[in-house]
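**Student:** Questions regarding the structure given below will be posed in turn.
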């Protein structure tokens, strides 16, 4: 396994204080503590022979011996203090812990204890957090229902709202997992559709235990990456890309797009790709928000809206057609 220079340096900076604190440490046990092989540890110890203060005289370099399977260091007092986390490193760890606490409320106590230790070690006890980490809220009862079914491999009957066609559907699914990608998703095998699907948790109106046939094994590995499992839409349909002016950028948060990109047509604009299952629904969307749509792809996706506008009475006020 290739070890980067920065990884090795970090290990050496931790190795010296450990060996000073534990004189005569066993070679094999020390290798296990640092997660390396004995050969890699010996290579590190050999490097210590040419490590020390500037000048590179014999009394400037660290002394190390391990011939009897026990490690002894000398002349290493200047690097015997464990490396402290920098302020930036501490802040990054605290932000990560806040994120974990939001994901797993059941481990709040353990995470809070770890957070307090890091803040104390970094001298941040009296400072207010500079980063506010928040994740989308997740209904705890619904999450427990999904996680329980995923762990047991059992089914759920769900009522699921499909924004792309403004329809409330009934599904029987076997949950795989909950996933956070901008918003919460439930990855599941959908018995109703007969395939792996991802469901936006915010669109699940209800969930109840169900008797469902055994689901196929969950897809794993790169071979399944293109199958749509865990990442695809909940239904087939036509992909339509809309470029939106800043005034309508909020639609990208409401419609659960397959993809989105920001500032594609200038500051504040958003380009999103939708899975459209109903031409009527798309026509209604374009008529309502068309004045803020900068581009449509494929162009024929706008034919319905164009025809509807062309059929309005001569002299009609077009601004009424596109009113939000």
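The values are calculated or read from the model by the stated rules, or taken from the named source; none is laboratory data. None of these values were measured; they are calculated from a predicted model. Virtual Cβ from ideal backbone geometry, glycine too; neighbours counted across all protein chains shown.
Every residue, every condition in (1) at pLDDT 80 or above; (2) under 26 Å from the mean Cα position of the chain (by Cα), yes or no:
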position: 181; (1), (2): no, yes
position: 217; (1), (2): no, yes
position: 246; (1), (2): yes, no
position: 251; (1), (2): yes, yes
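**Student:** Residue under question is residue 7, and the condition is that it be modelled with pLDDT of 75 or more, touching a strand residue (DSSP E or B) at 6+ places or on another chain (Cβ under 9 Å) and assigned to a helix (DSSP H, G or I); does it hold?
**Tutor:** Taking the combined requirement at face value, the residue does not satisfy it.
**Student:** Considering only helices (runs of 4 or more DSSP H) fully contained in region 263-324, which possess at least 1 residues that are farther than 23 Å from residue 249 by Cβ and at pLDDT 85 or above?
**Tutor:** In region 263-324, the matching helices (runs of 4 or more DSSP H) lie at 303-310.
**Student:** Residues of region 141-167 being modelled with pLDDT under 90 and part of a strand (DSSP E or B), which ones?
**Tutor:** Across region 141-167, the qualifying residues are 162, 167.
**Student:** So is residue 122 buried (at least 16 other Cβ atoms within 10 Å of the Cβ) and at pLDDT 75 or above or not?
**Tutor:** It is true that residue 122 is buried (at least 16 other Cβ atoms within 10 Å of the Cβ) and at pLDDT 75 or above.
**Student:** Looking at region 156-179 only, could you name the residues that are touching a helix residue (DSSP H, G or I) at 6+ places or on another chain (Cβ under 7 Å), surrounded by fewer than 22 Cβ atoms within 10 Å (Cβ to Cβ) and farther than 17 Å from residue 257 by Cβ?
**Tutor:** 177, 178
**Student:** Being closer than 26 Å to residue 198 by Cα and at pLDDT below 85 is true for just one of 224, 259. Which residue is that?
**Tutor:** 224
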